[in-house]
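Everything below concerns the one structure shown next.
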Amino acid sequence: MAEEEVFSEGRMRILNSKYKISKIQIKYLNMLKYINIMIRLFAVIMLTLTFASCKKENVLGTNDITYTVYYFHPTARCESCINIENFTKELITTKYTTPLAMKYVALNIEDAENEHFKKDFNLKFSSVVIAKTKKGEIEKYKNLDSIWTYSENKFKFFNYADREIQSFLK
């Protein structure tokens, strides 16, 4: 009787007399109804799990958390310095705009208002630094100190910088 729950005895008699549907066909219809119910239930469970896993604190850019990639440079710059700036800016503005919304900022380290960054990030020369800021305070940062190795090769630079950024975000 459990197989015939979707179609009651009365409904089965009506179907059988009106459409000449056999018990096997009714069992098949019951099975299709159960499959339909299971698919809908599965979809509801998956949607619930998807939305439950999207906690606000895990979404980048929320709870006053921001990520900034800084390029620090002196006033006088060589070709490698310009490459590093261009490569960094292109990577951040093309790959990390959505959903992450990471900011890119280029700063002259020799300007008086930017001198504090030398101490904040322990800078000695031109550098690319990624920083996580929470509620206005720098929570952590990473200096991508191997950028000079890749300053002449855009592809290798992108691979290196992207790997470092991804590892920083974990």
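Derivation of every value follows stated rules applied to the coordinates shown; laboratory data play no part. Not measured: the values here are computed from a predicted model. All Cβ positions, even for glycine, are placed from backbone atoms using ideal geometry, and neighbour counts span all protein chains on display.
Based on the mean of other Cβ atoms within 10 Å per residue, sort peptides 148-156, 38-46 so the most packed one is first.
Numbers: 148-156: 14.2, 38-46: 10.0.
Averaged packing, sorted descending, gives the order 148-156, 38-46.
So which of 134/154; 95/170; 95/119; 95/118; 118/156 end up more than 24 Å apart by C-alpha?
Numbers: 134/154 31 Å; 95/170 17 Å; 95/119 29 Å; 95/118 27 Å; 118/156 27 Å.
With Cα atoms farther than 24 Å apart: 134/154; 95/119; 95/118; 118/156.
Regarding the stretch 91-170, what whole-number volume in Å³ per residue does the convex hull of its Cα atoms give?
On the way: hull volume 8.8 nm³, N = 80.
Measuring per residue, one finds 110 Å³ for the Cα hull of the stretch 91-170.
Once label points are set 7 Å from the Cα along Cα→Cβ at both residue 97 and residue 40, what is their separation, rounded to one decimal in nm?
Between residue 97 and residue 40, the label points sit 4.2 nm apart.
List the lysines whose Cα sits under 18 Å from the Cα of residue 27, skipping any in the same chain fewer than 8 residues away.
By straight Cα distance, residue 27 reaches 18.
Could you list 64, 162 in order of exposure, starting from the residue whose Cβ has the fewest other Cβ atoms within 10 Å?
64, 162
Of all beta bridges DSSP finds with both residues in the stretch 58-169, what is the antiparallel percent, to the nearest 5?
Details: 14 of 20 bridges.
Given both bridge residues lie in the stretch 58-169, the antiparallel proportion sits at roughly 70 percent.
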